[in-house]
């Protein structure tokens, strides 16, 4: 049930209307690994960090069944850093600072012992890095899932389109789907994206859930209405981790199972936002996840008598 996760391991500094964090651990690959490790092991991480990245964080991930053979440690350099401030609606944010540091010249290397992996999760990262990982794999995984963002659409669209031709599932949020396709309708946007390569498109809509498109099929997953949302940073990555973790655990890449995977991803994301950074993801147990999944089931469970 081997899964490769590619993405950033980084520092974040976050300000929301409900609080402010100092420098805390973040990065797409970090959130994906913490989330997916609830469902499948080993997780084979590919990333890069500087000498300033805490050794304890790496040990904690190892303790969760995350292999770090593909994580480059550049002792004399600094890790990637992002600082952001969220507005009251939590869907909009301002980037206050971005320091690429070790990411500026990151060339991923897929270790030999990662080569037989069945699943590949490409976290949000430069499309050139994502493509490099795909091209280094000798055997194509059963499923390649890719996350990306508007920044890459602006600065690396050609590279992004090359990667899209090689992946099975694309994850984007609604504004990114519209930007990529220049279509306002998300149904039209998803159909355009499917013509670019992916057979499945997942459009994340934050507190309004997520949509899964495949051919002419559409599945809508709700989001759990939460009283407290402290920090949405990493929620999309946590969603991706829950999604790919469930797929890797079940080894079932059917459309029907992807519906379940989206609910699992949504449940994991609902934990992530309850505290700053990865803090909440470190605390949750299997019982917590089971209870949360039952809540999601209740959200969409209804009887109807047709007239």
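Only a single criterion out of (1) surrounded by fewer than 24 Cβ atoms within 10 Å (Cβ to Cβ); (2) touching a helix residue (DSSP H, G or I) at 6+ places or on another chain (Cβ under 8 Å); (3) under 19 Å from residue 288 (Cα atoms); (4) without any contact (Cβ under 8 Å) to a residue 60 or more places away in the chain is not satisfied by residue 229, namely (4). List pairs: first residue in the stretch 259-272 and within 13 Å of residue 38 (Cα to Cα), second residue at pLDDT 95 or above and not in a helix (DSSP H, G or I) anywhere in the structure, Cβ distance under 6 angstrom, at least six positions apart or on different chains. Listed by first residue and then by second, the contacts come to 271/284. On the given criteria, is residue 49 surrounded by 15 or more Cβ atoms within 10 Å (Cβ to Cβ) and over 18 Å from the mean Cα position of the chain (by Cα)? It is true that residue 49 is surrounded by 15 or more Cβ atoms within 10 Å (Cβ to Cβ) and over 18 Å from the mean Cα position of the chain (by Cα). So in the stretch 173-208, with the set limited to residues that are outside any helix (DSSP H, G or I) and out of contact with any strand residue (DSSP E or B) (no Cβ under 6 Å at 6 or more places or on another chain), which one is nearest to residue 239 (Cα to Cα)? Here the answer is 205.
Within the stretch 211-238, the set of residues being modelled with pLDDT of 95 or more and assigned to a loop (DSSP other than H, G, I, E, B) comprises 215, 216.
Quick one: would you say residue 50 is in contact (Cβ under 8 Å) with a residue 12 or more places away in the chain, in contact with a helix residue (DSSP H, G or I) (Cβ under 8 Å, 6 or more places away or on another chain) and closer than 22 Å to residue 135 by Cα?
When the stated conditions are applied, residue 50 does not pass them.
Tell me, yes or no, whether the stretch 74-82 has at least one residue that is out of contact with any helix residue (DSSP H, G or I) (no Cβ under 9 Å at 6 or more places or on another chain) and part of a strand (DSSP E or B). Yes. Looking at the stretch 95-106 only, could you name the residues that are outside any strand (DSSP E or B) and out of contact with any helix residue (DSSP H, G or I) (no Cβ under 9 Å at 6 or more places or on another chain)? Answer for the stretch 95-106, where residues must be outside any strand (DSSP E or B) and out of contact with any helix residue (DSSP H, G or I) (no Cβ under 9 Å at 6 or more places or on another chain): 100, 101, 102, 104, 105. Note on the stretch 192-210: residues that are surrounded by fewer than 16 Cβ atoms within 10 Å (Cβ to Cβ), modelled with pLDDT of 95 or more and under 19 Å from the mean Cα position of the chain (by Cα) total 1.
Check whether at least one residue in the stretch 211-222 is more than 17 Å from residue 32 (Cα to Cα) and within 16 Å of the chain's Cα centre (by Cα), and report yes or no. Within the stretch 211-222 (the criterion being more than 17 Å from residue 32 (Cα to Cα) and within 16 Å of the chain's Cα centre (by Cα)), the answer is yes, since at least one residue qualifies. In a residue-by-residue description of the stretch 233-249, the property of being surrounded by fewer than 23 Cβ atoms within 10 Å (Cβ to Cβ), at negative phi and over 15 Å from the mean Cα position of the chain (by Cα) applies to at least one position. Does the stretch 239-248 contain any residue that is in contact with a helix residue (DSSP H, G or I) (Cβ under 9 Å, 6 or more places away or on another chain), at pLDDT 95 or above and not in a helix (DSSP H, G or I)? So far as the stretch 239-248 goes, no, none of its residues is in contact with a helix residue (DSSP H, G or I) (Cβ under 9 Å, 6 or more places away or on another chain), at pLDDT 95 or above and not in a helix (DSSP H, G or I). Would you be able to say whether some residue in the stretch 31-40 is within 29 Å of residue 116 (Cβ to Cβ), out of contact with any helix residue (DSSP H, G or I) (no Cβ under 8 Å at 6 or more places or on another chain) and assigned to a helix (DSSP H, G or I)? No, the stretch 31-40 contains no residue that is within 29 Å of residue 116 (Cβ to Cβ), out of contact with any helix residue (DSSP H, G or I) (no Cβ under 8 Å at 6 or more places or on another chain) and assigned to a helix (DSSP H, G or I). Counting only residues that are touching a helix residue (DSSP H, G or I) at 6+ places or on another chain (Cβ under 6 Å) and either part of a helix (DSSP H, G or I) or closer than 22 Å to residue 80 by Cα (or both), the stretch 107-145 holds 10 of them.
Just to be sure, is residue 88 at pLDDT below 95 and over 20 Å from the mean Cα position of the chain (by Cα)? Break it down into steps so the answer makes sense when it comes.
Details: at pLDDT below 95: yes; over 20 Å from the mean Cα position of the chain (by Cα): yes.
So residue 88 fits the description; yes.
When you check residue 163 against the structure, is it outside any loop (DSSP other than H, G, I, E, B), within 19 Å of the chain's Cα centre (by Cα), at pLDDT 95 or above and farther than 29 Å from residue 283 by Cβ, yes or no? When the stated conditions are applied, residue 163 passes them.
The values are calculated or read from the model by the stated rules, or taken from the named source; none is laboratory data. Please read these numbers as outputs of a predicted model, since none were measured by experiment. Reconstructed Cβ throughout: ideal geometry from the backbone, glycine too, with neighbour counts over all protein chains shown.
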